[in-house]
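Chemist: Here it is, the structure, as structure tokens.
The values are calculated or read from the model by the stated rules, or taken from the named source; none is laboratory data. Predicted model, so just to flag it, every value in this text is computed and none were measured. Cβ atoms come from the backbone with ideal geometry, glycine included; neighbour counts cover every protein chain shown. Accessible surface areas use protein heavy atoms only, side chains included; no ligands, DNA or RNA. Shrake-Rupley method; radii C 1.70, N 1.55, O 1.52, S 1.80 Å.
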Amino acid sequence: MQHTSLRRAARTAIAALVLGLTAHAALADQLDDIKKAGKIRIATTSSTPLFGYSDEKLQLAGSDVEAARLLAQDLGVQLDLIPVANAARVPTLQANRADIVVGSLSITPERLKVIDFSTPYAVISLIIGAPKSMAIKDYADLNGKRIGVTRATPNDTLTTQNAKGAEIMRYEDDATLITSMVTGQVDVFSSTPSNLQEMQKKAPGKNLEMKFEQKAFDLGIAINKNQPRLKEWIDGWVKTNMKNGKLNAIYKKYHGRDLPVAVQNPA
């Protein structure tokens with residue numbers, strides 16, 4: 001009986017060791033893998049004005065795209081840009097179809113439950129916008145109105161929580177949201193100042209303007225959980241390129257303003 005117990009205990013210990021080794025293998029060091037491959041796969045949005053979009057030559061451009069190029073260059077590897085819709089950013093990372101995401105992802109408590117973020121590398125403001133003729137000062141004024149948002153974004157969450165009396169229309173990406181607003185499918189939108197600028201260019205006769213700011217968010221580079229060395233390298237990269245001014249210069253080039261002082265001087 002004693003021998004049986006000992007054998008059972010031994011089998012349990014071996015099983016635990018195998019399980020531990022398997023878990024370790026599953027959490028293989030992604031930074032080493034990237035360096036060995038000589039390539040980093042970076043997901044970014046392709047329909048978010050100023051951050052990631054297709055230019056007149058149908059090439060990906062924007063502040064996120066330029067930041068991704070700088071990151072790959074400093075890491076010493078080739079860049080494989082993977083354009084994705086807003087709602088697909090986190091799933092693409094989790095499914096290992098990309099190594100990281102540089103795609104205007106706000107750092108939120110909900111996202112931090114499933115992925116990690118770098119030190120903030122940029123910022124984004126969320127706003128409510130509508131024609132100048134509409135009297136809108138706060139969420140209460142949105143009752144009965146049809147509001148367009150991009151699905152699976154903080155805009156979606158904030159507007160759904162606070163505009164209880166409104167009809168929320170959800171679109172898969174910013175480009176579709178912009179089209180819906182300029183063609184009159186929705187009365188009001190929740191998005192970003194950059195998307196407002198795009199709407200104003202496409203439909204100047206609508207006299208669209210910002211009504212109020214919903215919230216300002218720091219943006220982080222998204223990394224899968226349990227990748228401490230990759231996160232450490234990216235955090236260091238962000239801090240270095242904040243200190244030398246390169247990330248601020250990229251942001252200012254596309255957004256026409258400097259990053260907040262707090263973001264330019266990370267702890």
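Chemist: For Glu56 and Asp138, what is the calculated FRET efficiency with R₀ set at 30 Å and r taken between the beta-carbons, to the nearest 0.05?
Modeler: 0.20
Chemist: On to the next question. Taking 30 Å as R0, compute the FRET efficiency from the Cβ-Cβ separation of Asn96 and Lys252 and round it to 0.05.
Modeler: The pair Asn96/Lys252 has a calculated efficiency of 0.35.
Chemist: Considering the zone a paramagnetic label at Asp33 would reach in this model (a point 7 Å from Cα along the Cα-to-Cβ line), which residues of the range 202-231 have amide N under 15 Å from it?
Modeler: Taking a point 7 Å out along Cα→Cβ of Asp33, the residues of the range 202-231 whose backbone N falls under 15 Å are 223-231.
Chemist: Take the Cα gyration tensor of the chain, multiply each eigenvalue by 5, square-root it, and list the three semi-axes largest first, rounded to whole angstrom.
Modeler: The equivalent ellipsoid of the chain has semi-axes of 41, 24, 16 Å.
Chemist: Considering only protein heavy atoms, what is the solvent-accessible area of Asp74 at a probe of 1.4 Å, reported in Å² to the nearest 10?
Modeler: For Asp74, solvent-accessible area is about 70 Å².
Chemist: Mind grabbing the accessible area of Asp33 for me, 1.4 Å probe, Å², rounded to tens?
Modeler: Looks like 80 Å² after rounding.
Chemist: Additional query: What would the Debye formula give as log10 I(q)/I(0) at q = 0.24 Å⁻¹ for the alpha-carbon point model of the range 110-161, no solvent?
Modeler: -1.08
Chemist: Could you give me D for the range 56-181, from Stokes-Einstein at 20 °C and 1.002 mPa s, where the hydrodynamic radius is the Kirkwood radius over C-alpha pairs? Units µm² s⁻¹, please.
Modeler: My calculation gives 128 µm²/s for D.
Chemist: If the chain between Leu79 and Asn265 were fully stretched, how many nm would it gain, using 0.36 nm times the residue separation less the Cα-Cα distance?
Modeler: 64.2 nm is the gain from fully extending Leu79 to Asn265.
Chemist: Here's another thing I want to ask about it. Put a dot 7 Å past each Cα toward the Cβ at Lys113 and Lys206; how far apart are the dots in nm?
Modeler: 3.4
Chemist: Let me ask something else. I need to check one value: relative contact order of the range 143-215, counting alpha carbon pairs closer than 8 Å and at least 6 residues apart, in percent.
Modeler: 33
Chemist: Taking only the alpha-carbon atoms of the range 38-113, what semi-axes of the equivalent ellipsoid follow from 5 times the gyration tensor eigenvalues under a square root, in whole Å, largest first?
Modeler: Values for the range 38-113, descending: 19, 16, 11 Å.
Chemist: What dipole magnitude, in Debye to the nearest 20, does the chain give about its Cα centre under +1 on Lys/Arg Cβ and -1 on Asp/Glu Cβ?
Modeler: In debye, rounded to 20, the chain gives about 500.
Chemist: Evaluate E = 1/(1 + (r/R0)^6) for Asn244 and Arg69, where r is the Cβ-Cβ distance and R0 equals 25 Å; express this FRET efficiency to the nearest 0.05.
Modeler: According to the calculation, E is roughly 0.95.
Chemist: Pick from Gly256, Gly129, Gly236 the residue whose mean-square fluctuation is largest in a GNM of the chain, springs joining Cα atoms under 10 Å.
Modeler: Among Gly256, Gly129, Gly236, the largest GNM mean-square fluctuation belongs to Gly256.
Chemist: Shifting gears a bit: Please find, in a Gaussian network model of the chain (springs between Cα atoms separated by less than 10 Å), the residue of Pro193, Pro109, Pro131 whose mean-square fluctuation is greatest.
Modeler: Largest GNM mean-square fluctuation: Pro109.
Chemist: Translational D (Stokes-Einstein, µm²/s) of the range 144-230 at 25 °C and 0.890 mPa s when Rh comes from the Kirkwood sum over C-alpha pairs?
Modeler: For these conditions, the coefficient is 173 µm²/s.
Chemist: Could you tell me how far the Cα centroid of the range 96-111 sits from the Cα centroid of the range 212-267, in Å?
Modeler: 13
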